[in-house]
Amino acid sequence: MKKINTIIFVFVIVTAFLLYKNMNLYFNVRIAPTKTSRVPLYGEWTVSKFVKAGQTNLTDEKIKSIIGKKAIFSNFEARFNNDICKKPNYKIKVVDTENYFESNFKIKPSQLGIDEKEVKVVTISSRNSFYDEYIQVSDNLILKNYEGVFFFLKKNGTIKINKNRSKGPDENKLTDGDRKKKVMAQNGVLIGLRYSTDYGYQYKTIWINSNDKNQFGIKEMNNLIVPRKNGFMMVGVDKINENGVYVRDQIWTGTLNTAANSIVKNVSSAKQDNTIDYKINFVGNEYISLENSELKTNSYGKYVSKTYLSVLPLDNIYGNSVAFSKIIGNNNNDLLSRNAEEYLVKTGKSDYKLDKDELETNWGIVRSKGKWIIRGRIANEDFNVNIEVPKILTTYDRLFIPFKTIQYKFPDVLDAYTSLNNNFMITITDNKINIVSIENNSIEKIEKTIAVDENAQVVMSQWATGSYVDKWDKTFQNIK
C-alpha cells in the first residue's frame, strides 16, 4: 500500500510541475535576458584643438577648418567631418597608453598631454567594413588621428540624439529614395588576383571606383589589401630560401599604420620548419582559404607528397584549420560527407574508405562562373558542396545579370561581378579585366580595359558604397 501511495504521490508532483511550467498565468513569470546596446562614445562631441604628430598632407587652413566641427555617435549612426556610418558597430580595446602611441604613431603620449596609463581604442565598423577609430582618454575626451594630426574632441554634456537631429540640413530635404540613390551612386571594389610565376604564385589588388557618371578610377598594388572591421590588412606569400635553395612558402599579414600610411608586416614563427607551398584561393573579411602542398625531397629534388584544402582565421593563419561544421552549422554536419560519397559513386570510386574526421577540415572556397562556391577534397580530387557560401565567409556576392547572358555577350568571359547599384559590371577573361556599363539591367559597352597576367584568378572581391568609397580610395592611394 505504501508503495502504491508513493507512486501516486510522485505522479501528482510531476504532473503539477509540468502543468505549472506551461501555464501562462500571471504568477508564472518568465524572465528573459536583457538586451543592451551600449554605445561607448554616445553623444555629441566638438573638436577643441589639434596637435601635429609628424608630417601631414593637411594644410594649416584645412586643419583650422576642422576646429569646432561636431562628431555624433549613437546606436544607429556615427558622423564626423561629413562622413556617415549607418548602423555602426562599436568595438572597445583597452591598451597600454605608451606602447600604443609609440607603436602606432611614433610619438610619446606626454607630447599630447596624456598621462593616463591606459586608454580605450574604439573601432567603428558597419557590415564588416571599417569606418573609423577613436582613442578615448576619459569620459569627456577623445582623440582622432587624421592624416598625422591629432584632433581633440570634448563631449558636449549629456544630450538626447534622434534621427532628425543627426541629419544635416540638406539631408533632411531628401526623400528616402533620393537618399538611397545618393548613397548608391558611388561604388568601389577591391579585386584580389593570383597569378603564376616561375617560383609559384604572386598576388596583387586592383582598386576600381566609380561615380554615377560612369567615370572610373583604377589603381594596382602588389599583395592583397583586405578591408576588415578594424581597418585594412595586407596579405602576401614570400618564398623562403636557405643557402640559395628554396625550402618553403611563408604567408604573412600586415596591418596599416595609420600614422605613416604604410603596412607593417606581422610574420608568425609557427610552423616555420614545415616545407609547404601555399596557394590562396579566397580571402574574406575574417577567413582565408588555402590549397596546401606538402613538399618532400629525394635524390631528384623536391616533390609534392600530399595536397589538402584549409580554411583559417585571418588572425591566426598558422593555426588549426576551421571545421566545416563550425562554419556551416551542426544541422549540415553530414552535408560534406554526403556530397563526398555522391562524388565517389559518380566517379566509380565507391570502395574508397572515407575518413569523415579528415574531410571535416579538407574543404575550401573558390570562384566559379560568377559566384563563390564551397569545395571539398578527397583522394586528391575536388568536389562541389551543394550549399550557398554563408555570409560569415563572403559578404556581397550577387550577379544582377545571369552569367549565361554575360557569356552570350562576351564568349571569352570566365568570371563576372556586378556593382551593388547595378550601374556597372566587371568581367574577367584569361588576360584582361573589362569594366562594362549597365543601364536598365541591360549590358551596354566596355568602358575600360585592364591588362592582367595570363590566367590570373580572382581570390577576393570586396565592395564599398557611399562614403566608404572615398575612405577606401584615400586609404589605397596613401599606402606606400
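The values are calculated or read from the model by the stated rules, or taken from the named source; none is laboratory data. Here the structure is a predicted model, which is why all the values come from computation and not from measurement. Glycine also receives a Cβ, built like all others from the backbone with ideal geometry; neighbour counts cover every protein chain displayed. What goes into the accessible areas is simple: the full protein's heavy atoms, side chains included, and nothing from ligands, DNA or RNA. Shrake-Rupley method; radii C 1.70, N 1.55, O 1.52, S 1.80 Å.
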Using a 1.4 Å probe, how large is the accessible area of Phe232, given in Å² and rounded to the nearest 10? 20 Å²
Return the sequence-ordered ³J(HN,Hα) values of region 426-442 in whole Hz as given by the Karplus equation 6.51 cos²θ - 1.76 cosθ + 1.60 applied to θ = phi - 60°, using x for Gly and Pro. 10, 10, 10, 10, 6, 8, 7, 10, 10, 9, 10, 6, 10, 9, 6, 6, 10
For region 191-196, Karplus-derived ³J(HN,Hα) couplings (6.51, -1.76, 1.60; θ = phi - 60°; whole Hz; x for glycine and proline) come out as 9, x, 10, 10, 9, 7
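Keeping the other protein chains in place, figure out the carbon and sulfur percent of the accessible area of region 287-411, with a 1.4 Å probe.
Carbon plus sulfur share of accessible area: 45 percent.
Ordering Lys471, Lys229 by how much accessible area each has at a 1.4 Å probe, largest first, what is the list? Display every interim value, and only then the final one.
Values: Lys471 45, Lys229 85 Å².
Sorted descending by solvent-accessible area, the residues read Lys229, Lys471.
For region 272-349, run through the trypsin sites (Lys or Arg not before Pro) and keep only the ones in DSSP coil with at most 15 other Cβ atoms within 10 Å of their Cβ.
Details: sites: Lys279, Lys296, Lys302, Lys306, Lys326, Arg338, Lys346, Lys349; in loops: Lys349.
Taking region 272-349 and a limit of 15 other Cβ atoms within 10 Å, the loop trypsin sites (Lys or Arg not before Pro) found are Lys349.
Using a ≥ b ≥ c from the Cα gyration tensor of region 410-480 (square roots of the eigenvalues), is it rounded, prolate or oblate, where a/c under 1.5 gives rounded and otherwise the larger of a/b and b/c decides, a/b for prolate?
Working: a/c = 2.20, a/b = 1.21, b/c = 1.81.
Oblate shape, in that a/c is at least 1.5 and b/c is the bigger or equal ratio.
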Mean separation of Cα contacts under 8 Å (6+ apart) over length of region 65-105, as relative contact order %: 23 percent
Any residue on another chain or 5+ positions along whose placed amide H is under 5 Å from the amide H of Ile288 is listed here as Leu312, Leu314
Of Lys87/Lys326; Lys154/Lys391; Lys326/Lys409; Lys69/Lys391; Lys62/Lys204, those spanning more than 29 Å from alpha-carbon to alpha-carbon: Lys154/Lys391; Lys326/Lys409; Lys69/Lys391; Lys62/Lys204
Along region 462-468, Karplus-curve 3J(HN,Hα) (6.51, -1.76, 1.60; θ = phi - 60°) to the nearest Hz, with x for Gly and Pro, reads 10, 9, 9, 9, x, 5, 5
